[in-house]
1. Please give the charge dipole size of the stretch 376-458, origin at the Cα centre, charges +1 on K and R Cβ atoms and -1 on D and E Cβ atoms. Round to the nearest 20 debye.
2. Rank the residues Met66, Met60 as a footprinting-exposure proxy: fewest other Cβ atoms within 10 Å of their Cβ go first.
3. Evaluate the charge dipole of the chain about its Cα centre and quote only its size in Debye, nearest 20, assuming +1 on the Cβ of each Lys and Arg and -1 on the Cβ of each Asp and Glu.
4. Peptides 346-352, 439-445: what's the order by average Cβ count within 10 Å, highest mean first?
5. Considering only C-alpha atoms, what is the centroid distance from the stretch 343-375 to the stretch 432-459, in Å?
6. Please report Thr192, Thr270, Thr13, Thr216 as a ranked list, fewest other C-beta atoms within 10 angstrom at the top and most at the bottom.
7. Place a +1 charge on the Cβ of each Lys and Arg in the stretch 161-370 and a -1 charge on the Cβ of each Asp and Glu, then give the dipole magnitude about the Cα centre in debye, rounded to the nearest 20.
8. Can you work out the FRET efficiency for the pair Ser426 and Arg154, with r the C-beta to C-beta distance and R0 = 56 Å, to the nearest 0.05?
Amino acid sequence: MTLIKSISGIRGTIGGKTKENLTPVDAVKFASAYGTWLKNKYPNNARVVVGRDARISGEMIQSLVMQSLVGLGIEVVDLGLSTTPTVEVAVTHEEAQGGIILTASHNPKEWNALKLLNEKGEFLNAEEGQKILSLAENEDFDFAQVDDLGKITRNTAYIDYHIELVLKHPLVNKRAIEKANLKVVFDGVNSTGGISIPPLLKALGVEVVKLYCEPTGHFPHNPEPLEKHLGELAKKVVDEKAHLGVTVDPDVDRLAFMDENGKMFGEEYTLVSVADYVLSKEKGNTVSNLSSSRALKDVTEKHGGKYYASAVGEVNVVEKMKEVNAVIGGEGNGGIIDPKLHYGRDSLIGVALFLSLLAEKQITVSELRASYPSYFMAKEKIQLTPHIDVDQILFQMKEQYKNEEVNDIDGVKIDFENEWVHLRKSNTEPIIRIYTEAKTQEKANQLASRIITEIEALI
């Protein structure tokens, strides 16, 4: 079993021994560290919004987290079952000083995690995360006296509020969507997508066929929204003669589409298509991380904008978006970040913008996909012995390709004319991750093999 501590939070498997898994003791310790950090920053007024996905362990972990915050004298706004983007929206609306989401994202049901937010409803940066890890390690907590304990206020209206914000978004074309008479099959993987996406779709005038939309936490299949896990959705789309299929991960920050034939639209193309729509309405820049598809760059330049790449990680994408004033951004795993709504990956706004595009173009999902440049990816890794200097190897690869377009903000990314390779070292084990993209799968695989051979020659 596993317990992983990082600057973005703590995640692990439920049960087992403390310090090796996400046990009640570990949940209390980490929540107390976050609360202590928050109290140090806001000594006179600290409020935290807390919500969870539908995992079986969610209610237990949320209770432990909230009562730990109460013990520190912090006020808690309890959203109950919610989504990651909804909690982010609630933090700013509540004018709270922070937020915690209890979710292990796309991990299986035995996992859970504490994702930590700042007063802007955004993920913490590296410096803030490190301070919290240090507080947890030293157990440097000072709990409140009995008259100064915090309190918990329950508010379950925020999903409805989130939907209202999406419907009011200036680029969401509700009238066109209603006129299109769309039929959608939605797979909610028995988590909070099932209580957020169908109500949004209905509000947009879409006919919804629900699949696994009861928030029981018993995931009917692997919850990562990849083609190999979505056979039932594909069959249902065809059987129902639906216009498309939609699915999300358990905390609703990753979004994937399926065409009318039950074929995946491609997780990389979720952001590409939404960006295409946004840029057709508003000129500007875009951002994704270094490991995301070049198709976003192509679409951005088609509309006269400029594409920028960030280091991998949502906090890095958001930082870059602010820096270059991007009108849309996100990650190639199906994460859409629209700054008009908030700086966080949000499947609700992603669905509404995608359907607006589809309705305005009056074409099928397969025709829409065919309108974009096609790229194919390969993902490999090289196992290294612990004594090998990975940084030196990456430096040598950078030097070897110094005549190409090279980006070294996160590992080394080498852009060739028609393909690219991104090399990153793991922070937890002696490996180099290798991502490639090309115009055919064969060429992507060949590029990965070539780079692996070149790296092995340096070892």
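Taken together, the values in this text are just the output of simple stated rules run on the coordinates, not laboratory data. Keep in mind that this is a model prediction, so the values were computed, not measured. We place every Cβ from the backbone using ideal geometry, glycine too, and count neighbours over all the protein chains shown.
1. 220
2. Met60, Met66
3. Rounded to the nearest 20 debye, it is 740 debye.
4. 346-352, 439-445
5. Result: 31 Å between the Cα centres.
6. Thr216, Thr13, Thr270, Thr192
7. Dipole of the stretch 161-370, to the nearest 20 debye: 600 debye.
8. Rounded to the nearest 0.05, the efficiency is 0.85.
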